[in-house]
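See below for the structure under consideration.
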Amino acid sequence: MLSHYFPSGQMTHVFALARELMRQGHAVHVANGRVRTLRQWRYVRALAGPVSCSIRLGAGHLAAIVRRLRVQVIHAHSKRTFAVGARLAERTGLPLVITCHARTLISPEHEPAFAKARRIICPWETLAAEMGPRGGRTRVIPNGIDLEQFPFRERPPRETLRVLYLGRVDHLRRTGVEALCQAVKGLAGVELVMASDRPAAPWTQYVGWLANPAPWLAASDVVVGTGRAVLEGLATGCAALVLGEGWDGLLTPENADRLARDNFIGRARGTRPAPDAIRTALLELKQNPERRRALAAWGRRFVAERFDIRRVASQTAALYAEVLAELRDRRAVRPVRG
């Protein structure tokens, strides 16, 4: 697998998938580039666990890994590795699989790599629709959650509603984060913890980027964020507020399918984040512990049924087997020159 250092749900998924493929009996190596400090390397190793990994993406280094480990499939996960993977596939004759983790990556810059890929995985439906079928090469396989890493926990009765914002604070999410901070300012009985790449308001608790957010989620009643953060929170028993580029509000059984089609990004309703709306949602959850408990039980089932990493890894391994079978078939019918 090819990736690069970028603390995010994407990087977390790469290593979660690699670990599960390894548990299922597959040999996996992750080449994760752009690791420049000891702290970054320690973070990578914390995510990798038992998975073999390296930090160099040079052509010679990767070709040597292919030979030494007898690699059969190249799987590129990040924009900085699409072209690297395509060149490596050309050099070695191995099939290339690409996972496209964002619609912004569907651009002319990456089209040569997409054209080289035997399969293109899109983790959600609207992304796959934008990618297009590409002759049947596009497939939807969601990002998975390790349910053992994120165990469910019943929340004890308490007066304070504990809210965890989990995710990056980039230019797309900044407006939403500012609205969230304003929503909790002076709100009695509500505590906001920011687990992100940068501090927010001084009246919130900042804990930085977490290599393992599971303990913080288990101690929270509500998770706020997008994508993987939403699913990790649901798995542990949090209620989830979908806040990203926009505000989709409380995730419920009634809107879950619609929001999942766009990876819980916060754009389904087309609503701009506003402190009043966020404050209202938080107060409703604080005042209704029975609803929180019902949402917690449903959320765990929802993740287990749709996003279990074991199923995701099995689907990915089946896709690898499919492209390898196609490669064998093409070689079997290759005309003999004489």
Among the residues of region 91-109, is there at least one that is within 26 Å of L172 (Cβ to Cβ), assigned to a strand (DSSP E or B), of a type in the set (S, T, N, Q) and modelled with pLDDT of 95 or more? yes
Within region 159-181, take every residue that is modelled with pLDDT under 95 and surrounded by fewer than 17 Cβ atoms within 10 Å (Cβ to Cβ) and give me the one that is nearest to L192 (Cα to Cα). E159
So is A89 over 29 Å from D262 (Cβ atoms) and surrounded by 14 or more Cβ atoms within 10 Å (Cβ to Cβ) or not? yes
Is it true that some residue in region 5-22 is farther than 30 Å from G208 by Cβ and aliphatic (A, V, I, L, M)? no
If I ask for residues that are surrounded by fewer than 17 Cβ atoms within 10 Å (Cβ to Cβ) and either assigned to a loop (DSSP other than H, G, I, E, B) or in contact with a strand residue (DSSP E or B) (Cβ under 8 Å, 6 or more places away or on another chain) (or both), which ones from region 45-64 would you list? R45, G49, P50, S52, S54, R56, G58, H61
Give, as residue ranges, the strands (runs of 3 or more DSSP E) completely inside region 217-287 that count at least 1 residues that are modelled with pLDDT of 95 or more and surrounded by fewer than 20 Cβ atoms within 10 Å (Cβ to Cβ). 247-250
Taking strands (runs of 3 or more DSSP E) that fall entirely within region 112-211, which contain at least 2 residues that are among the aliphatic types (A, V, I, L, M), farther than 20 Å from V222 by Cα and touching a helix residue (DSSP H, G or I) at 6+ places or on another chain (Cβ under 8 Å)? 119-122
Expected output for region 122-148 (first residue touching a residue at least 60 places away in the same chain (Cβ under 8 Å), partner of a type in the set (S, T, Y), Cβ below 9 Å, 6+ apart or cross-chain) is P123/T99; I141/T99; I141/T316; N143/T12; N143/T99; G144/T316
Right, R300: surrounded by 19 or more Cβ atoms within 10 Å (Cβ to Cβ) and at pLDDT 95 or above or not? yes
So, in region 104-158, of the ones that are of a type in the set (V, I, T) and more than 24 Å from T92 (Cα to Cα), which residue ends up surrounded by the most Cβ atoms within 10 Å (Cβ to Cβ)? I145
May I ask you to list pairs of residues, at least six apart or on different chains, whose Cβ atoms are under 8 Å apart, with the first in region 307-330 being farther than 19 Å from T138 by Cβ and the second being part of a helix (DSSP H, G or I) and among the small types (G, A, S)? I309/A16
Top-ranked residue of region 24-44 - restricted to ones that are part of a helix (DSSP H, G or I) and surrounded by fewer than 14 Cβ atoms within 10 Å (Cβ to Cβ), ranked as farthest from the chain's Cα centre (by Cα): L38
Yes/no for R70 being at positive phi and out of contact with any strand residue (DSSP E or B) (no Cβ under 6 Å at 6 or more places or on another chain): yes
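Yes/no matrix, rows are residues, columns are (1) of a type in the set (D, E); (2) touching a Ser or Thr at 6+ places or on another chain (Cβ under 6 Å); (3) touching a residue at least 60 places away in the same chain (Cβ under 8 Å); (4) within 25 Å of I265 (Cα to Cα):
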{"site": "M1", "(1), (2), (3), (4)": "no, no, yes, no"}
{"site": "L38", "(1), (2), (3), (4)": "no, no, no, no"}
{"site": "F82", "(1), (2), (3), (4)": "no, no, no, yes"}
{"site": "V97", "(1), (2), (3), (4)": "no, no, yes, yes"}
{"site": "H110", "(1), (2), (3), (4)": "no, no, no, yes"}
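The values are calculated or read from the model by the stated rules, or taken from the named source; none is laboratory data. Keep in mind the model is a prediction, meaning the values are calculated, not measured. As a convention, Cβ positions derive from the backbone with ideal geometry for all residues, glycine included, and neighbour counts pool all protein chains shown.
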